[in-house]
Structure formats: structure tokens, C-alpha cells
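Trainee: So that we are looking at the same thing, I have put the structure below in C-alpha cells.
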Amino acid sequence: MSWTDPRIERRKQREAQAEAAGRFGETYYGQNGETLSYAALAPVAAEAQPQLELKLEGASKNHVTRQLLSQRIAAMSQRRYEKLGEIDCYLDRLAAKLRDARQKGTFGIRVNNGKMVWMWDTKAGLSRLCPDDAREESMRLQRKVMEPLLDLQAAGHALHYVVLTAPNFGPGKLKEGMAYIHRRFRQLRKAKFPDGSLRFPEIRGALTVLEAPLGGYRDWHVHLNCILVVKGFLDYEKLRAWWHWNLHAEKLPAHHDREQSRELLRGALAELIKYVVAATVAKSREKNFRARDGEDRPRPPSMLEWSDAELYEFIYAMKGFRRTRSYGELYKIKKPEREELGEIIHIGQLRAIGGAIVARCALLESIPGDNFPGMSGADRWRALKKALSIADLEGDASIGADIPARIEYPT
């Protein structure tokens, strides 16, 4: 018996379901074996259309960035080959992964809450280079640490968001700077007074994420974004005096209601992981920008504007480097249980066409009606509702209730 990749089978099932949804009146079997109608999902799909279109705008920008960066890395690899006569397989693999990522997929509706879910056939898996992967890594980190952080707050610990910096490192010194700032942080946790007592015993744990974008003066701005778990009082002036270099620190708000605290933490965790990839067209054309200290400095270039040497140094410095680390109370925290998405009904397809991600909602497009040029699936749904004389067209949550979810066949 030949082995079949289950991922390929799941992909085929999603594609088959999205295709079936495009046949008006088609039915499917629910998780409990009941026969259901795709048409019953039309109201939910129509309501989700604005959200889908907004998401497509961001996905298209990231797609362009990914393709430009793929071309940039491929060209850099070719120039290195022409100059040195050696093929850099790692650069070629990165370029191929970025080029092929998120070219095709499907989207569907979660039955339990009506939310839209996207599923791509392939992803780059490069959070340091792909904006979409970076965002997903940030979300994974949030899921991993959110509950432990909330538990620590509930137990009387305070959380502080701290950015630790060091003098910028020149060309060729990025890897050295990355090792230095992590070593410096470990020294901070172990720092002692002359009598042998710890200088910062109140710091009971930490989560750190290293960032190393290229600065306006073409040097590496290596810094750590941290969440410190503190029991007692954290003296910022004492911390600044020991660290010596510039730092930003603020206490994160807490709330007696756990759900409120969760919302307050989301922003800080989103700041913890950021990415330096940005399309050149998205950058401001201003030559200088005003830094926090009020000094005018050259604007940091986007990754697409880096030289071959700068991009090569960044890629290889980050290769295999663990930039997210945890200490103390947050060390080796367990991975959260995998989120159960529940039943998902795929109703449309995603495609990368030219410089955009395009979505085709087969379900809405299958609705009978006149095929006027430019008539969207949502427009066809509205036209069908008018034809059926459904009252209170706009904003009525009961719209679509007349379409049966369950199909009864005569025995």
C-alpha cells in the first residue's frame, strides 16, 4: 500500500468542498452526519464579505513584499555565484520558499461562530523574512504565554514591558551584537552587590525577543523587547544605572477581571515580535525622521533597500539563532493545547494573481441571477433577497432564515 501525505489529502478535500459550494443547491454532510445545504451559509458569507475584502488588501501588500524579496535574494545569490563561482543553496531555498508561499488556498466559515478562516496550500515558514509568517509567529507566542502571564498577575506579580538597547553595531558585527545583548541580559539577572546579594531579586522571570533592523546610518540596531515578571517594586532608575545603555520601561496595566487583563496584555505581546520587512513603496520618502531623543536621523531603510552585503549578513546571522527566549517563571512553559477550530465549511478559493491576492467566493457566485458585468457575489445575494421579497433587507439578523439548513429527502 502506497503512503499518501495527509496534508495533500486535506488540501484536496478543502478544494473539493469549495468547488461543491459553487453549485447552488448542493448539500454536504455535517460532523454529526446530517445533510445540510451550502445555501444556508450565504447570509454569513455575505456579512463576512467586507472583512474578507479588508483582509485581502493587507494580504496583497504582503504578497508583493514577499515576491520582491524573493527576487532580491535570488538575484543576490546569482551575483555571488558570478563573483565567487560557488552556488549558495541556502539563499536559493529561501528565494524559492518566498516565491511559492501563499499562492493558492481556500477560505471557509467556522460553523460554531461564523468567522472566516483562510488555509493556504504552502507557507514560507520564514518569520524573519515573510510578513504573514511574522504575524502568525506573534499570534503563536501570544497563545503560548497569555495564560501563564495572567496566572502570574493573579498571583500578585507585576508585568513590565522593557526595551533594552545597546550601541549600534557596524557592518560585519551583527552576530557579535546579538550574542552580546543576550549575554548582557543574563548578567543582569545574575548581577550582585558586593555582599553577594542579588541586585534585582524582584525580577522573577522574563520573556525576550531580539530585534536587529538596519539603522539609518547603515549599522545594526540590536535590541531586546522584554516582558519582565516582577514580585515587588522594580526601580527603573536602578535598572537604567546598571544597564548603562538606553532603555524604555513601562508597567503593564492589570485588571481584577481576567478577561479585561487579557485584552490589556494583547497590545504588549503584539509589540514583542515585529518584523523589519516592508515594501519600498510603503516607506516614507522623507530623508530624515525625528527620533525619541529629538535628533534628526536618516530614515532606516527597508529590507528591500539593503545592500547585498547587509542582506547576506542578516540572513546568516539569523540562521538557526533562537531570538525568542524565556527565563525564570516563564522558562519552559508548556505549549497550549491545540486550538480546536471545529467544523469549517470551505466556500471559496484564494489565488495570487499578479500583484494581488484574489478571493472567489464560489458560494455567493452560485446564487441564481442575471450575470451583470461586475456584479459581486454579495450583490447577487442582495438581488436574491429582493427577489424573494425578504423584509428589512439591511441589518436584519434573520435574513436567510427561510433557506433550510437541513434538506429532507422523501423516503
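Trainee: Being charged (D, E, K, R) and within 22 Å of G108 (Cα to Cα) is the filter here; which residues of segment 138-164 pass it? Spell out how you get there, then give the answer.
Mentor: Step one: of segment 138-164, the residues charged (D, E, K, R) are 140, 143-144, 147, 151.
Across segment 138-164, the qualifying residue is only R140.
Trainee: Okay, moving on. Filter segment 226-243 for residues that are buried (at least 18 other Cβ atoms within 10 Å of the Cβ) and aliphatic (A, V, I, L, M); which is farthest from G267 (Cα to Cα)?
Mentor: Initial filter on segment 226-243 (buried (at least 18 other Cβ atoms within 10 Å of the Cβ)): 226-230, 239, 243.
Narrowing further to those that are aliphatic (A, V, I, L, M): 227-230, 239.
Values: I227: 12, L228: 15, V229: 17, V230: 19, L239: 24 Å.
Going through the qualifying residues, I end up with L239.
Trainee: Residues in segment 295-302: is at least one in contact with a helix residue (DSSP H, G or I) (Cβ under 8 Å, 6 or more places away or on another chain) and outside the structural domain of S70 (by TED's automatic domain parsing)? Steps first, please.
Mentor: Applying the first criterion (in contact with a helix residue (DSSP H, G or I) (Cβ under 8 Å, 6 or more places away or on another chain)) to segment 295-302 yields 302.
Now narrow it down to the ones that are outside the structural domain of S70 (by TED's automatic domain parsing): 302.
Within segment 295-302 (the criterion being in contact with a helix residue (DSSP H, G or I) (Cβ under 8 Å, 6 or more places away or on another chain) and outside the structural domain of S70 (by TED's automatic domain parsing)), the answer is yes, since at least one residue qualifies.
Trainee: Please work out if G172 is assigned by TED's automatic domain parsing to the domain that holds F314, at pLDDT 95 or above, farther than 21 Å from S138 by Cα and surrounded by fewer than 18 Cβ atoms within 10 Å (Cβ to Cβ). Give the derivation first.
Mentor: On the way: assigned by TED's automatic domain parsing to the domain that holds F314: yes; at pLDDT 95 or above: yes; farther than 21 Å from S138 by Cα: yes; surrounded by fewer than 18 Cβ atoms within 10 Å (Cβ to Cβ): yes.
It is true that G172 is assigned by TED's automatic domain parsing to the domain that holds F314, at pLDDT 95 or above, farther than 21 Å from S138 by Cα and surrounded by fewer than 18 Cβ atoms within 10 Å (Cβ to Cβ).
Trainee: For F107, are the conditions met, namely being over 30 Å from D308 (Cβ atoms), touching a Pro at 6+ places or on another chain (Cβ under 7 Å) and not polar (S, T, N, Q)? Spell out how you get there, then give the answer.
Mentor: Working: over 30 Å from D308 (Cβ atoms): yes; touching a Pro at 6+ places or on another chain (Cβ under 7 Å): no; not polar (S, T, N, Q): yes.
Against the criterion (over 30 Å from D308 (Cβ atoms), touching a Pro at 6+ places or on another chain (Cβ under 7 Å) and not polar (S, T, N, Q)), F107 does not qualify.
Trainee: So, in segment 90-113, exactly how many residues are among the β-branched types (V, I, T) and not in a strand (DSSP E or B)?
Mentor: First, the residues of segment 90-113 that are among the β-branched types (V, I, T): 106, 109, 111.
Among the residues that remain, those that are also not in a strand (DSSP E or B) are: 111.
The total comes to 1.
Trainee: Kindly evaluate P50 against the criterion of being in contact with a helix residue (DSSP H, G or I) (Cβ under 8 Å, 6 or more places away or on another chain) and at pLDDT below 85.
Mentor: Values: in contact with a helix residue (DSSP H, G or I) (Cβ under 8 Å, 6 or more places away or on another chain): no; at pLDDT below 85: yes.
No; evaluated as a whole, the condition is false for this residue.
Trainee: A further question follows. Given the conditions (1) closer than 30 Å to L304 by Cα; (2) surrounded by fewer than 18 Cβ atoms within 10 Å (Cβ to Cβ); (3) modelled with pLDDT of 95 or more, report the number of the one that A270 does not fulfil.
Mentor: Evaluating A270 over (1) closer than 30 Å to L304 by Cα; (2) surrounded by fewer than 18 Cβ atoms within 10 Å (Cβ to Cβ); (3) modelled with pLDDT of 95 or more leaves (3) as the failure.
Trainee: Do we find that A383 is outside the structural domain of Q71 (by TED's automatic domain parsing), surrounded by fewer than 20 Cβ atoms within 10 Å (Cβ to Cβ) and modelled with pLDDT under 75 in this structure? Reasoning before the result, please.
Mentor: Numbers: outside the structural domain of Q71 (by TED's automatic domain parsing): no; surrounded by fewer than 20 Cβ atoms within 10 Å (Cβ to Cβ): yes; modelled with pLDDT under 75: yes.
Judged against the criteria, A383 is not a match.
Trainee: Among the numbered criteria (1) touching a residue at least 40 places away in the same chain (Cβ under 8 Å); (2) farther than 18 Å from K231 by Cα, which single criterion is violated by A191?
Mentor: For A191, the failing item is (2).
Trainee: Of the residues that sit in segment 16-55 and are assigned to a loop (DSSP other than H, G, I, E, B) and loosely packed, with under 13 Cβ neighbours inside 10 Å, which one is nearest to the chain's Cα centre (by Cα)? Even if it seems obvious, please write down each step before you answer.
Mentor: Applying the first criterion (assigned to a loop (DSSP other than H, G, I, E, B)) to segment 16-55 yields 22-26, 30-34.
Those left that are additionally loosely packed, with under 13 Cβ neighbours inside 10 Å: 23, 25, 31-34.
Values: R23: 33, G25: 36, Q31: 30, N32: 33, G33: 35, E34: 36 Å.
Filtering first and then ranking leaves Q31.
Trainee: Can you run down the residue pairs with Cβ atoms below 9 Å, 6 or more apart or on separate chains, where the first is in segment 72-88 and assigned to a helix (DSSP H, G or I) and the partner is among the aromatic types (F, W, Y)?
Mentor: Close Cβ pairs (under 9 Å, with a partner that is among the aromatic types (F, W, Y)) amount to R72/W306; M76/Y312; S77/Y90; R80/Y312.
Trainee: How about segment 313-357: which of its residues are closer than 30 Å to S37 by Cβ, of a type outside the set (D, E, K, R) and in a strand (DSSP E or B)?
Mentor: Result: I344, I345, H346, I347, G348, Q349, L350, I357.
Trainee: Given the structure, is F200 farther than 24 Å from F321 by Cβ, of a type outside the set (S, T, Y), surrounded by 15 or more Cβ atoms within 10 Å (Cβ to Cβ) and assigned by TED's automatic domain parsing to the domain that holds E147? Give the steps one after another, and end with the answer.
Mentor: Working: farther than 24 Å from F321 by Cβ: yes; of a type outside the set (S, T, Y): yes; surrounded by 15 or more Cβ atoms within 10 Å (Cβ to Cβ): yes; assigned by TED's automatic domain parsing to the domain that holds E147: yes.
Against the criterion (farther than 24 Å from F321 by Cβ, of a type outside the set (S, T, Y), surrounded by 15 or more Cβ atoms within 10 Å (Cβ to Cβ) and assigned by TED's automatic domain parsing to the domain that holds E147), F200 qualifies.
Trainee: While we're on this one: Can you tell me which of (1) in a loop (DSSP other than H, G, I, E, B); (2) under 25 Å from D308 (Cβ atoms) is the one H256 doesn't meet?
Mentor: With (1) in a loop (DSSP other than H, G, I, E, B); (2) under 25 Å from D308 (Cβ atoms) applied to H256, the lone miss is (2).
The values are calculated or read from the model by the stated rules, or taken from the named source; none is laboratory data. What you see is a predicted model; the values in this text were computed from it and never measured. As a convention, Cβ positions derive from the backbone with ideal geometry for all residues, glycine included, and neighbour counts pool all protein chains shown.
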